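Here's the structure, in structure tokens; my notes come after.
FYI, it's all coordinate maths here, none of it is from the lab. Predicted model, so just to flag it, every value in this text is computed and none were measured. Neighbour counts are summed over all protein chains in view; Cβ atoms, including those assigned to glycine, are modelled from backbone coordinates with ideal geometry.
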């Protein structure tokens, strides 16, 4: 009976796993040893070393390589081509005069492609199972030597049909208007929610038609969209917690913000200022200035947001201003936190508030 029960439970567990949607994953997205998990193609298939799919250590190509191991890959140096399986001499202008010093963004290795000026399409691709609400991230550096002068020469990151290989979505392509033709290592991301629950083909395509085209790749990964928690605001501190004297003038108050985010860095700013009493706002007599003065009946705002971290408040006695700061992460999640500024009526109240604040600081 026990054996039957265990077997039944095992079968049920297997059926449950089979029914669950495939989890998003990419094989060997950091290229720590080779191109395992990726398929490399060259179209049309030509002589070896038209372009080199290589793996680089920090600062140098991965062995087997030329005697320049431990130094930048120089023009004329050798690098192992994982498509052709041979050592290839490199001649790209990117290698001159100082060569390329490789800088992985994950682990100690990355992938690179150095293409000569012979027309050929170079591709690396793999099929991936996209889970619900997934975002693709990758790091990429490139130098399209032909630039915008030849739109037929391009670097593209695409989502293709895993069966027909038809292009389903263009995630990035250097021929888009305004896209620079040369960039340092940069982080990219693309929402793949439209392909949730499907198996698609992630494809990196590099077409050389006129001139050299070089690129480096690292840290391909898929993450669920809901991994970003709202920012954490540790503190919002005004430079002035109390304003003196209460002369009804506008006073600048700057706040400092300490915040962190899982999807960051967070961007913070003052979004609101409230008062603990109705604002007269037109220069009405507040009892501390002569009735009928020249400012009566003139529109005088009591609060103003000057910049992201600076506000103006009017020094009206016995008034408390609440300044609200909002922080937003790169996924659009927001968090708010308040801080207060007080305007005392007389100096004794100012001093008592100041003493209370120092006592609070000592107690902490």
**Study point:** R0 of 45 Å, Cβ-Cβ distance residue 176-residue 272: FRET efficiency to nearest 0.05
**Key:** 0.70
Review point. Within the range 181-201, whose backbone N sits under 16 Å from a point 7 Å along Cα→Cβ of residue 103?
Key: 182-188
Review point. Given a Förster distance of 41 angstrom, what is the FRET efficiency for residue 86 paired with residue 199, based on the Cβ-Cβ distance and rounded to 0.05?
Key: 0.80
Check your understanding: Based on the alpha-carbon gyration tensor of the range 83-160 and its eigenvalue square roots a ≥ b ≥ c, which shape applies: rounded if a/c is under 1.5, prolate if not and a/b is larger than b/c, or oblate?
Key -> prolate
**Study point:** Packing-based order for 245-251, 338-344, 313-319, using average beta carbon neighbours within 10 Å, highest first
**Key:** 313-319, 338-344, 245-251
**Study point:** Distance between modelled label sites at residue 232 and residue 262, nm, 7 Å Cα→Cβ extension
**Key:** 1.1
